[in-house]
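S.K.: My questions will all concern the structure given below.
The values are calculated or read from the model by the stated rules, or taken from the named source; none is laboratory data. Keep in mind that this is a model prediction, so the values were computed, not measured. Backbone-built Cβ (ideal geometry, glycine too); neighbour counts: all protein chains shown. Surface areas here come from the heavy atoms of the whole protein model, side chains and all, with no ligands, DNA or RNA. Shrake-Rupley method; radii C 1.70, N 1.55, O 1.52, S 1.80 Å.
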Amino acid sequence: MIEPARQIDLIDTAPAFTADEVAALNARFAGHDTAAMLAELLTGELKGRVALVSSFGAESAVLLDLVAAVDRSVPLIFINTQKMFGETLAYRDSLAEQLGFTDLRVYRPDPYELARRDDKSLRWAYDPDGCCDLRKVEPLRRALAGFDAWISGRKGFQAGRAALPRFELDEGRLKINPLADWDKAVLDAHFALRELPRHPLEAAGYPSIGCQPCTSQVQPGEDPRAGRWRHWDKTECGIHNQPVF
């Protein structure tokens, strides 16, 4: 008796999305209502394949509210750099609870890497890029393993983010920017309409909120992100300007 040939197990290493597919998504949803776009994607082709990443910063509640209106079970990822404001952690817990998210996932830096690369916990003071890589980029890399797409809260009106597309390719993974074309007035209107709570630090002069050592108050007339990494030639943590793999 001739036994059938054994099938060889194969590991699919092809990217989840290609540049052509991302371009097609940008064309497909050009000018579409943001809420309708999210509803179509989260209940359709991306269901079970996508995570929402949030810093729970000053404007985060709008995107969280839009996603929660479609599917509260979408995994919600928060990177606790262990340098966060206490107000941010409290806001995270209260807002996630208020909006009804059922799968909040908190990731932290690897403690062994912290001991090896930042044993004095002062790397932010002399190497902010290295600190962000250790405390933000690497944990997000772990958090996104197993997902084909992720949702970001970036907006095109923010400094350095002009012409931000709704969809980007991030080393084979789809990155979605639902608020790419929202301006500050529209965001504020959504806060008012939905009676969403503001981050407690916003009223204290923090319109953009990151880690405590690298976030300062913004003075009248300054760009809203002027308080991030003040006096450093740095405007991004690294999550959005390098691969997250």
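S.K.: Would you work out the charge dipole size for the chain about its Cα centre, treating the Cβ of every Lys and Arg as +1 and the Cβ of every Asp and Glu as -1, and quote it to the nearest 20 debye? Mind showing how you got there, number by number?
M.R.: Numbers: 30 positive and 36 negative charges, 109 e Å.
Dipole of the chain, to the nearest 20 debye: 520 debye.
S.K.: Give me the accessible area of Lys184, 1.4 Å probe, in Å² rounded to the nearest 10.
M.R.: The value for Lys184 is about 80 Å².
S.K.: Also: Enumerate the lysines that Lys184 could reach by cross-link, defined here as Cα to Cα under 25 Å, with residues fewer than 8 away along the same chain left out.
M.R.: Lys155, Lys175, Lys234
S.K.: Tell me, how many Å apart are the Cα centres for region 166-188 and for region 60-137?
M.R.: 19 Å
S.K.: What size of dipole, in debye to the nearest 20, comes out for region 139-192 about its Cα centre when the only charges are +1 on Lys and Arg C-beta atoms and -1 on Asp and Glu C-beta atoms? Please report the intermediate quantities before stating the final value.
M.R.: Working: 9 positive and 7 negative charges, 36 e Å.
Roughly 180 debye for region 139-192.
S.K.: DSSP beta bridges in the chain, what fraction antiparallel, as a percent rounded to 5?
M.R.: Working: 6 of 18 bridges.
The antiparallel fraction comes to roughly 35 percent.
S.K.: Could you give me the ³J(HN,Hα) list for region 21-31, computed from phi with Karplus coefficients 6.51, -1.76, 1.60 and θ = phi - 60°, whole Hz, x at Gly and Pro?
M.R.: Values per residue, Gly and Pro as x: 5, 5, 4, 5, 5, 4, 5, 4, 9, 4, x Hz.
S.K.: Where the Cα atoms of the chain are projected onto their three principal axes, how long is each span, largest first, in whole Å?
M.R.: In descending order, the Cα extents are 82, 47, 33 Å.
S.K.: With Cβ to Cβ distances under 11 Å as the rule, what net charge do the other residues near Gly48 carry (K, R +1; D, E -1)?
M.R.: Numbers: positive: Lys47, Arg49; negative: Glu45, Asp71, Asp148.
Net charge around Gly48: -1.
S.K.: Now, a different point. Can you give the helix-only mean residue ellipticity at 222 nm for the chain, where every DSSP H stretch with n ≥ 4 adds -39500 (n - 2.57) and the sum goes over all residues, rounded to the nearest 500 deg cm²/dmol? Before the final figure, lay out each step's value.
M.R.: Working: 9 runs with 75 residues, N = 245.
Calculated mean residue ellipticity at 222 nm is -8500 deg cm²/dmol.
S.K.: Normalised by the residues of the chain, what does the relative contact order come to in percent, with Cα pairs under 8 Å and at least six apart?
M.R.: Working: 351 pairs, mean separation 57.4, N = 245.
Over the chain, the number comes to 23 percent.
S.K.: I'd like to know which of Thr43, Gly100, Ala143 lies farthest towards the positive end of the charge dipole of region 39-171, counting +1 on Cβ of Lys and Arg and -1 on Cβ of Asp and Glu.
M.R.: After comparing all options, I get Ala143.
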